[in-house]
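The values are calculated or read from the model by the stated rules, or taken from the named source; none is laboratory data. What you are looking at is a predicted structure, and each value in this text was computed from that prediction instead of being measured. In this analysis, Cβ positions are derived from the backbone assuming ideal geometry, glycine residues included, and neighbour counts consider all displayed protein chains. Quick note on the areas: whole protein, heavy atoms, side chains included, nothing else; ligands and nucleic acids left out. Shrake-Rupley method; radii C 1.70, N 1.55, O 1.52, S 1.80 Å.
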Amino acid sequence: MASSLATAEEEPPGKALTAGEAEELPGKTSSCNRSRFFSDILAESWNDWRWQFRNRITTVEDLARFIPLSAKEQTRLKLVTAKYPLSITPYYLSLINPDDPDDPIRKQAVPSFQEVALAGIGMEDPLGEEKDSVVPGLVHRYPDRVLMVLTDICPMFCRHCTRKREWQSGGWVRTPGEIETMLDYVRKNKSIRDIIISGGDPLTLSTRRLEEVISKLRGIPHVEIIRIGTRFPVVLPQRIDDELCAMLSNYGPIWLNTQFNHAREITPESAAACDRLLRSGVPVGNQSVLLRGVNDTLEAQLNLCHGLLKIKVRPYYLFQCDEVQGTEHLRTPVEVGIKIIEGMRGHTSGLAVPTFVIDLPQGGGKVPLQPNYVLLKTEEELVLRNYQGRLFRYRNPRLSWQSPGRVGQRNGRMRRPAPPQLVLFSEEAGVRDEDRAVVRS
Ligand code: SF4
């Protein structure tokens, strides 16, 4: 049984970020509408993550105080929030341009009527997480790693969330008994070397509660790596305070993956949060989701990934948006992601290029997708296309050189393989992809 919890756990306030500190950091924009929306809020409150959490915008009426919404829009959004609730932190709200209905930050946070209009498309649990749970809250899909879901509470409800099905629960965290059952499973399964702590968002737990779990995991000899999946650095960066960072630094190696989806989310506040983690020995990676109208262009992805490298966050994955009910309006054709990667690879540092992946339905796991650079492959050679579209032959070394007379030899001399005849399709022939090739032997 999970216990009900309507608010984040009590924590000492985070250390306030001074204006000087923020200015020195490489984030691109600050929380631009803070002075417009929250001019009466003292910095002490603004920089206190508990204040941010308590003051989340959770109703359509509240939202309409900040973002122009007609009566008809409000009526429609109430229909949406009856099924898929609304939650936006004041900090994240301050990043939204209220005058732009197509604002990429708004699309991630503000409900859309399409969520219910297209609700018949997709699945509630496309990744089959429920079926792969070995004990409540523990998903064991790959042999050497498990996913530990400690809570379903999040500071913000991202409209594209894979776990939208959980939003109606009212909020729960795993009980000490449930956590002990999860830990027991990990203790007994020595093949598990990598733990991913996720949610919901696990940083909604107090630092003390998190430490109880992390310290016990560290006490299990075969657990090598602990990873935390959280969107706090993006939607409520004030949570990454000194106390949390000091605790995490005691239990390394801990890796943290977050989810920046647009360059405008890289602010002095979010940059400072990532910087604090890095200085505490916690590497930060980014797992973004490809979203229609948010980051589905080459320019948007380049801006995002270049901005991430400037704050020393590694672009790790770019996820195809999962087939989740209520997210169809944000999903893009798979080709969009492949074209974006094609536009990045070779045109910018490989460090800036994330791996584009589809998380397969029913727990099939992640499959990387990329443009096709191998146009031809034989035992002897490959024909490869580079980022400029130029073709190159590449000799394929043999697995092993065998004794004379067996492989590749005729009359005592090595036989030079006949070069394959390349026939490139042309656009004139009605085939649009000029990169495809066939071999006629
Ligand atoms: S923080 Fe993650 S789990 Fe929470 S709503 Fe956003 S995407 Fe979903």
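I'd like the residue in the range 231-266 that is open to solvent by 10 Å² or more (accessible area, probe 1.4 Å) and within 16 Å of the ligand (Cβ to nearest atom) and, out of all such residues, is nearest to LEU86 (Cα to Cα).
ARG231
Got at least one residue in the range 210-229 being assigned to a strand (DSSP E or B), at pLDDT below 95, out of contact with any Cys (no Cβ under 8 Å at 6 or more places or on another chain) and β-branched (Val, Ile, Thr)? Explain how you work it out, then say what you get.
Within the range 210-229, the subset assigned to a strand (DSSP E or B) is 225-229.
Right, trim to at pLDDT below 95 and you get none.
No: zero hits.
What's the number of the only condition in (1) charged (D, E, K, R); (2) modelled with pLDDT under 95; (3) more than 26 Å from ARG50 (Cα to Cα) that ARG174 fails to meet?
Going through the list (1) charged (D, E, K, R); (2) modelled with pLDDT under 95; (3) more than 26 Å from ARG50 (Cα to Cα), ARG174 breaks only (3).
Test ILE197 against the stated conditions and say whether it is open to solvent by less than 20 Å² (accessible area, probe 1.4 Å) and more than 16 Å from the ligand (Cβ to nearest atom).
No, not satisfied.
Does THR355 meet the test of being open to solvent by 40 Å² or more (accessible area, probe 1.4 Å), over 30 Å from LEU77 (Cα atoms) and touching a residue at least 24 places away in the same chain (Cβ under 8 Å)? Can you show your working first?
Values: open to solvent by 40 Å² or more (accessible area, probe 1.4 Å): yes; over 30 Å from LEU77 (Cα atoms): yes; touching a residue at least 24 places away in the same chain (Cβ under 8 Å): yes.
Taking the combined requirement at face value, the residue satisfies it.
Can you tell me how many residues in the range 312-323 are part of a loop (DSSP other than H, G, I, E, B) and closer than 20 Å to VAL336 by Cβ? Outline the logic, then answer.
As a first pass, look at the range 312-323 and keep what is part of a loop (DSSP other than H, G, I, E, B): 312-313, 321-323.
Still in the list and also closer than 20 Å to VAL336 by Cβ: 321-323.
Qualifying residue count for the region: 3.
Residues checked against (1) under 23 Å from MET156 (Cα atoms); (2) part of a helix (DSSP H, G or I):
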position	(1), (2)
ALA273	yes, yes
LEU278	no, yes
ARG292	yes, no
GLN301	yes, yes
THR332	yes, no
ILE338	no, yes
LEU351	no, yes
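Could you check how many residues of the range 192-209 are in a helix (DSSP H, G or I) and among the basic types (Lys, Arg)?
Applying the first criterion (in a helix (DSSP H, G or I)) to the range 192-209 yields 202-204, 207-209.
Remaining after also requiring among the basic types (Lys, Arg): 208-209.
So the count comes out to 2.
To keep it simple, each residue is scored yes or no on (1) assigned to a helix (DSSP H, G or I); (2) closer than 24 Å to GLU243 by Cα; (3) open to solvent by less than 20 Å² (accessible area, probe 1.4 Å); (4) in contact (Cβ under 8 Å) with a residue 12 or more places away in the chain.
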{"residue": "ILE41", "(1), (2), (3), (4)": "no, yes, no, yes"}
{"residue": "ARG50", "(1), (2), (3), (4)": "yes, yes, no, yes"}
{"residue": "ASP62", "(1), (2), (3), (4)": "yes, no, no, no"}
{"residue": "ARG76", "(1), (2), (3), (4)": "yes, no, no, yes"}
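Has the range 174-185 got at least one residue that is more than 25 Å from VAL294 (Cα to Cα) and either open to solvent by less than 10 Å² (accessible area, probe 1.4 Å) or touching a His at 6+ places or on another chain (Cβ under 6 Å) (or both)? I'd like the intermediate steps shown before the answer.
Let us first name the residues in the range 174-185 that are more than 25 Å from VAL294 (Cα to Cα), namely 174-185.
Then drop every residue that is not either open to solvent by less than 10 Å² (accessible area, probe 1.4 Å) or touching a His at 6+ places or on another chain (Cβ under 6 Å) (or both), which leaves 182-183.
The answer is yes; a qualifying residue exists.
Answer yes if at least one residue in the range 268-283 is in contact with a Gly (Cβ under 6 Å, 6 or more places away or on another chain), within 16 Å of the ligand (Cβ to nearest atom) and farther than 19 Å from ASP48 by Cβ, and no otherwise.
The answer is no; no qualifying residue exists.
Spot the failing condition for TYR142; the list is (1) away from the ligand (no atom under 14 Å from the Cβ); (2) under 30 Å from LEU95 (Cα atoms); (3) of a type in the set (Ser, Thr, Tyr), and only one is missed.
Going through the list (1) away from the ligand (no atom under 14 Å from the Cβ); (2) under 30 Å from LEU95 (Cα atoms); (3) of a type in the set (Ser, Thr, Tyr), TYR142 breaks only (2).
Taking the criterion of being under 20 Å from ARG209 (Cα atoms) and either part of a strand (DSSP E or B) or aromatic (Phe, Trp, Tyr) (or both), would at least one residue in the range 243-251 satisfy it? Write out each step before concluding.
Narrowing the range 243-251 to residues under 20 Å from ARG209 (Cα atoms): 243-251.
Within this subset, residues satisfying the condition of being either part of a strand (DSSP E or B) or aromatic (Phe, Trp, Tyr) (or both) are 251.
Among the residues of the range 243-251, at least one is under 20 Å from ARG209 (Cα atoms) and either part of a strand (DSSP E or B) or aromatic (Phe, Trp, Tyr) (or both), which makes the answer yes.
Could you tell me how many of the residues in the range 278-299 are crowded, with 16+ Cβ neighbours inside 10 Å and acidic (Asp, Glu)?
Final tally of qualifying residues: 1.
Please identify the pairs in which a residue from the range 110-134 that is farther than 21 Å from GLU178 by Cβ has its Cβ atom under 8 Å from the Cβ atom of a residue that is of a type in the set (Phe, Trp, Tyr), counting only partners at least 6 apart or on another chain.
Close Cβ pairs satisfying both conditions: PRO111/TYR84; GLU115/TYR84; VAL116/TYR84.
Just the residues that are in contact with a Leu (Cβ under 8 Å, 6 or more places away or on another chain), within 23 Å of THR162 (Cα to Cα) and surrounded by 17 or more Cβ atoms within 10 Å (Cβ to Cβ), please, taken from the range 306-323.
PRO315, LEU318, PHE319, GLN320, CYS321, ASP322
Residue by residue through the range 153-165, note down the ones that are open to solvent by less than 50 Å² (accessible area, probe 1.4 Å), touching a strand residue (DSSP E or B) at 6+ places or on another chain (Cβ under 9 Å) and either more than 8 Å from the ligand (Cβ to nearest atom) or small (Gly, Ala, Ser) (or both).
ILE153
Answer with yes or no whether GLY326 is touching a residue at least 40 places away in the same chain (Cβ under 8 Å), in a loop (DSSP other than H, G, I, E, B) and surrounded by fewer than 22 Cβ atoms within 10 Å (Cβ to Cβ).
Details: touching a residue at least 40 places away in the same chain (Cβ under 8 Å): yes; in a loop (DSSP other than H, G, I, E, B): yes; surrounded by fewer than 22 Cβ atoms within 10 Å (Cβ to Cβ): no.
Answer is no for this residue.
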